[in-house]
Each structure stands twice: as C-alpha cells, then as structure tokens.
Amino acid sequence: AGKDKDWTLGPIFRSVPAIVGPPPKYYVANHSNYRGTHAARERLVYITSNDGVLHAFRMKDGTEAFAYVPPNLWTKIHDLWQQGGQSAVPADFKWILAASPRVEDMPEACTPCDWKTQLVQTMGPGGNAFVALDISNPSSCTATTCHLANPPFKILAHSRDLKPGIDSVMGETWSAPALFYHVQTSYPEARMAMGSGYYSDG
C-alpha cells in the first residue's frame with residue numbers, strides 16, 4: 001500500500017478490517033431515521049497496523065482518509081523509533097497495536113434515542129486499554145467527490161478515563177469487543193463486553 005508514496009504502511013497483525021458505509025437496517029427505536037440521514041455515507045475500511053495506527057482507507061480508491069493513534073501507545077511508538085525499528089531477533093519483537101476494530105450502531109441518550117456509529121479499538125497484545133470513537137460522520141460526499149469532516153471522528157471514551165487506575169489492573173485487551181444493547185422499558189441501552197489476557201506491563 002505504500003508503493004510510490006512517501007510513507008509505508010506498518011505491518012498488519014491480528015487485525016480484521018471493518019468496512020463501514022451506509023447504516024444497516026436495525027429494527028429498534030428511532031434507528032430508521034438515523035439510517036436515512038446517513039444513507040449516502042462514504043464507505044471506509046478501518047484497520048490497524050502494529051506501528052500504533054488505526055487507519056481509515058477509502059473503498060473507492062484505497063487512499064487513506066485519516067488515521068488515529070491512541071494516546072496510550074505514544075511511549076511504545078517512541079521507544080520503537082528510538083531503537084531504530086523492530087529488532088532482528090524474533091523474541092524481541094515489540095507488540096504495539098494488533099487487534100481488530102469493532103463497529104456497531106449504538107444508541108445514546110434515549111429520550112428518544114440518539115444513534116451513533118461507534119468504533120471500539122482494543123490493543124491486542126500491545127496494551128491493556130481500549131478507546132471508543134464516534135465515526136458517524138467522517139465525510140460529506142457529492143456525486144463526484146468526498147470531503148473529510150473536521151474532525152472526521154470524535155473520541156467518546158478511553159479506558160484510562162472511565163475509571164481511574166483501570167488500565168493498571170486490566171489485562172491485555174486481546175478480545176474484539178462485543179457491542180450490543182439491552183432494552184430498558186421502551187428504549188435500548190448500549191453495552192460492551194470483552195475479554196482480556198494477562199497484565200504484563202508491570
């Protein structure tokens with residue numbers, strides 16, 4: 001993907017791409033209005049590379065629309081750069097970001113429901129954190145071209161901010177999270193479930 005470019009795509013390990021375009025049909029409260037509003041949403045492919053980057057590529061031509069680096073990875077990325085890249089010794093390989101993004105339309109503030117397309121990114125063996133992004137409106141399109149929104153996404157939550165100290169006790173977030181909603185009275189309420197591995201940073 002980096003051919004004839006001034007950048008090179010980092011290695012993709014343990015990351016299955018998520019393709020996000022117009023919202024699918026959900027037969028739950030008020031989602032049909034959301035689906036209609038975003039019926040012409042640009043189709044993007046979200047995938048991670050082990051150099052610590054969540055990428056968004058355009059389906060129509062493969063160009064990169066935007067990218068995001070979770071802040072908990074900055075130190076690991078700097079350390080890798082400082083040592084001149086990955087070691088030639090396989091046992092010294094540095095995991096940074098090796099997990100699949102999970103995307104789902106999720107309800108918020110259900111009076112009535114305000115739907116958002118949320119992307120949750122775990123770290124895999126590279127860390128014990130997760131981040132949730134709102135990717136509902138990444139761009140606006142005409143018949144011939146698409147222009148990125150400013151910003152193309154919003155940060156909804158980072159695990160380190162949800163409960164002080166949670167990243168110090170949670171294991172490596174190897175699991176792709178399950179995003180679902182539970183119906184409370186007449187409105188659905190957003191939920192997330194995920195598994196984690198060992199805590200190996202401390």
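Contact map, segment 141-164: residues that are closer than 25 Å to Arg191 by Cα and touching a residue at least 60 places away in the same chain (Cβ under 8 Å) paired with residues that are in a strand (DSSP E or B) and small (Gly, Ala, Ser), Cβ distance under 7 Å, separation 6+ or inter-chain. Pairs shown: Pro152/Ala65; Pro152/Ser139. Selection within segment 171-195: residues that are in a loop (DSSP other than H, G, I, E, B) and farther than 25 Å from Ala67 by Cβ. The member of this set that is modelled with the lowest pLDDT is Thr185.
The values are calculated or read from the model by the stated rules, or taken from the named source; none is laboratory data. Since this is a predicted model, take the numbers as computed values, not measurements. Neighbour counts run over all protein chains shown; Cβ positions are idealised from the backbone, glycine included.
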